[in-house]
Amino acid sequence: MASQQNPLDEEENSKRNWSLKDFEIGKPLGRGKFGRVYVAREIKNKYVVALKVIFKEQIEKYKIHHQLRREMEIQSNLHHPNILRLYGWFHDADRVFLILEYAHNGELYKELRKKGYLSEKQAATYILSLTKALAYCHEKTVIHRDIKPENLLLDHQGRLKIADFGWSVQSSSKRRTMCGTLDYLAPEMVENKAHDYAVDNWTLGILCYEFLYGVPPFEAESQIDTFRRIRNVDLSFPSTPSISSDAKNLISRLLVKDSSRRLSLEKIIEHPWIIKNANPMGICL
Ligand code: AK5
């Protein structure tokens with residue numbers, strides 16, 4: 001393996017007993033379900049990170065102790081350029097702190113809302129990055145990552161990072177219905193059927209559509225209508241913005257009701273739209 005370019009990945013640091021004294025805390029980055037996130041600097045290496053603070057009171061209240069522990073174990077073993085890194089964690093009397101990679105350019109979804117929609121180059125680059133990250137997860141048998149735009153961050157080079165905001169721990173269907181995020185769910189999930197990693201391939205189709213058109217394909221006035229549109233795969237492509245037939249072809253091959261017939265991750269990587277448009281380095285801003 002090549003030498004580490006990141007000081008927090010080095011042996012001495014990966015097993016270090018961290019404490020709050022090792023960090024200078026900066027501005028708040030946002031609020032997640034179970035805590036707040038701050039930009040922070042690790043004093044010894046002058047390395048900038050995102051520090052997530054979760055109150056133990058919350059962990060007790062929501063009985064997420066085991067999930068948190070299990071997730072920390074899984075997450076700290078995921079090493080991929082398109083997955084936000086968890087460098088370590090520590091706790092004091094009443095808080096748990098997660099030391100996370102800092103994504104300098106923030107949430108992709110804000111960029112998407114600001115621009116309305118993305119160029120085919122940018123969309124293809126993000127889809128390729130996401131596909132590679134998911135292939136890596138599937139290889140490690142880590143499935144069902146919450147890959148809606150709110151969970152996607154951009155680093156200083158514009159590289160996409162999947163950030164698990166720790167919401168996957170709540171029982172899925174209940175939470176989703178309450179938060180109104182049916183939009184990203186595959187038919188087998190809205191219908192409560194058995195599902196596997198092919199749900200991620202569906203979600204890639206949804207995201208690809210949303211990147212290019214600015215709205216998810218099955219958006220509707222009510223949950224019931226979204227549910228119906230997903231179940232019927234009621235897909236149509238607006239005439240504006242004008243999108244290449246290659247892109248529409250990829251979307252149509254991912255948004256397929258029968259999960260076994262969706263385009264595989266390997267085939268996405270080889271798809272003409274990806275080959276023609278994506279930056280293989282994953283860099284695009
Ligand atoms: C919490 C409670 C119970 C699991 C969890 C785990 C891994 O990323 C988590 C958890 C994250 C959270 C960096 C920015 C942000 C921003 C985050 C923080 C993202 Br904005 N510019 N740069 N981060 S926002 O919270 N990630 C995570 C690998 O809370 N797990 C069970």
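The values are calculated or read from the model by the stated rules, or taken from the named source; none is laboratory data. Predicted model, so just to flag it, every value in this text is computed and none were measured. Here the Cβ is made from the backbone with ideal geometry for all residues, glycine too, and neighbour counts use every protein chain on show. Note: areas computed on protein heavy atoms with side chains; ligands, DNA, RNA excluded. Shrake-Rupley method; radii C 1.70, N 1.55, O 1.52, S 1.80 Å.
Heavy atoms only, probe 1.4 Å: what % of the accessible area of region 108-277 goes to carbon and sulfur, would you let me know?
Details: 3890 of 7700 Å².
Of the solvent-accessible surface of region 108-277, carbon and sulfur hold 50 percent.
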In this structure, the FRET efficiency calculated for Ile269 and Glu219 from their beta-carbon separation, with R0 = 22 Å, to the nearest 0.05, is 0.20
How many Å² of accessible area per residue for region 10-101, probe 1.4 Å? 61
Return the long-range amide H neighbours of Leu29 (sequence gap of 5 or more, or a different chain), with a cut-off of under 5 Å between placed amide H atoms. Val37, Tyr38, Val39
Centroid-to-centroid separation of region 188-246 and region 32-98 [C-alpha atoms, Å]: 32
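Test of the criteria: in region 1-66, which trypsin sites (Lys or Arg not before Pro) are in a DSSP loop and have at most 14 other Cβ atoms within 10 angstrom of their Cβ? Each step should come with its number before you reach the end.
Values: sites: Lys15, Arg16, Lys21, Arg31, Lys33, Arg36, Arg41, Lys44, Lys46, Lys52, Lys56, Lys61, Lys63; in loops: Lys15, Arg16, Lys33, Lys44, Lys46, Lys63.
Counting only loop positions with at most 14 other Cβ atoms within 10 Å, the trypsin sites (Lys or Arg not before Pro) in region 1-66 are Lys15, Lys44, Lys46, Lys63.
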Surface share of carbon and sulfur [accessible, 1.4 angstrom probe, percent] for region 10-101: 51
Explain nothing, just compute: Karplus ³J(HN,Hα) = 6.51 cos²θ - 1.76 cosθ + 1.60, θ = phi - 60°, for every residue of region 88-98 in order, whole Hz, x for Gly and Pro. x, 8, 7, 8, 10, 4, 10, 9, 10, 10, 9
What accessible area per residue, rounded to a whole number of Å², is obtained for region 108-277 using a probe radius of 1.4 Å? 45
Pairs Lys132/Lys267; Lys21/Lys44; Lys27/Lys115; Lys114/Lys148; Lys27/Lys61: which exceed 21 Å Cα-Cα? Lys27/Lys115; Lys27/Lys61
Diffing region 219-235: the Karplus 3J(HN,Hα) column from phi (6.51, -1.76, 1.60, θ = phi - 60°), in whole Hz with x for Gly and Pro, holds 4, 8, 4, 10, 4, 4, 5, 4, 3, 4, 5, 5, 4, 8, 6, 7, 9
Whose amide H sits under 5 Å from the amide H of Tyr87, counting only residues 5 or more places off or on another chain, with H placed in the peptide plane? Ile99, Leu100, Glu101
Could you give each residue of region 110-119 its phi-based ³J(HN,Hα) in whole Hz, using Karplus coefficients 6.51, -1.76, 1.60 with θ = phi - 60°, and x for Gly or Pro? 5, 4, 5, 5, 5, 7, x, 8, 9, 6
5 angstrom amide H check on Leu185, placed H, neighbours 5+ away: none
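Can you give the helix-only mean residue ellipticity at 222 nm for the chain, where every DSSP H stretch with n ≥ 4 adds -39500 (n - 2.57) and the sum goes over all residues, rounded to the nearest 500 deg cm²/dmol? Spell out each step's value before the answer.
Details: 12 runs with 108 residues, N = 285.
After summing the helix terms and dividing by residue count, I get -10500 deg cm²/dmol.
Scale the Cα Rg of the chain by the rule-of-thumb value 2.2 N^0.38 Å and send over the ratio, two decimals. It would help to have the intermediate numbers written out before the result.
Values: Rg = 19.4 Å, N = 285, 2.2 N^0.38 = 18.8 Å.
This ratio for the chain stands at 1.03.
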